[in-house]
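The values are calculated or read from the model by the stated rules, or taken from the named source; none is laboratory data. This is a predicted model, so every value here is computed, not measured. Glycine gets a Cβ as well: all are built from the backbone with ideal geometry, and neighbour counts include every protein chain shown. The area values use the complete protein model at the heavy-atom level, side chains included, leaving out ligands, DNA and RNA. Shrake-Rupley method; radii C 1.70, N 1.55, O 1.52, S 1.80 Å.
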Amino acid sequence: VQLQASGGGLVQAGGSLRLSCAASGSPFTVHTVAWFRQAPGMEREWVAHIRWNSGSTAYADSVKGRLIISRDKDRRMVYLQMDSLKPEDTAVYYCAANIKGIIPDHHVGSYDAWGQGTQVTVSS
């Protein structure tokens, strides 16, 4: 599985961005796709994930109610709609695929494939 993230940029606090993650590969078998983020000097942290087949989702407490993860199975795309952005959301955002459903699924080590990252900067 290969992933390519896009959609980052510079936005003012309170603004919105939509990140996209294009997934490819054959055969294409993915259990979970997640978004992680990494701010300068910080560890990479889990933001949200979506089960590929069922569409069920989970979010970190810091983003609940502001970020929404979704997927389009036919297009093999995963999205992260980011609203009410805050300066503390500034980070490089990565999409990642957990192929076999390894748990815990908020852990970096459970993910097999990573996109290249896209920078999100929120100005105050």
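Yes/no per residue for (1) acidic (Asp, Glu); (2) closer than 19 Å to residue 117 by Cβ; (3) assigned to a strand (DSSP E or B):
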site: 49; (1), (2), (3): no, yes, yes
site: 61; (1), (2), (3): yes, no, no
site: 68; (1), (2), (3): no, no, yes
site: 75; (1), (2), (3): no, no, no
site: 81; (1), (2), (3): no, yes, yes
site: 103; (1), (2), (3): no, no, no
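A count restricted to region 100-118 and to residues that are aliphatic (A, V, I, L, M), out of contact with any strand residue (DSSP E or B) (no Cβ under 6 Å at 6 or more places or on another chain) and modelled with pLDDT of 95 or more stands at 1. Among 16, 56, 84, which is the only one that is closer than 12 Å to residue 120 by Cα, of a type in the set (S, T, N, Q) and over 10 Å from the mean Cα position of the chain (by Cα)? That would be 16, the only listed residue that is closer than 12 Å to residue 120 by Cα, of a type in the set (S, T, N, Q) and over 10 Å from the mean Cα position of the chain (by Cα).
Within region 70-78, the presence of a residue that is open to solvent by 20 Å² or more (accessible area, probe 1.4 Å) and either in contact with a His (Cβ under 9 Å, 6 or more places away or on another chain) or closer than 22 Å to residue 42 by Cα (or both) is excluded. Within region 81-97, one or more residues are closer than 18 Å to residue 52 by Cα, touching a helix residue (DSSP H, G or I) at 6+ places or on another chain (Cβ under 9 Å) and modelled with pLDDT of 95 or more.
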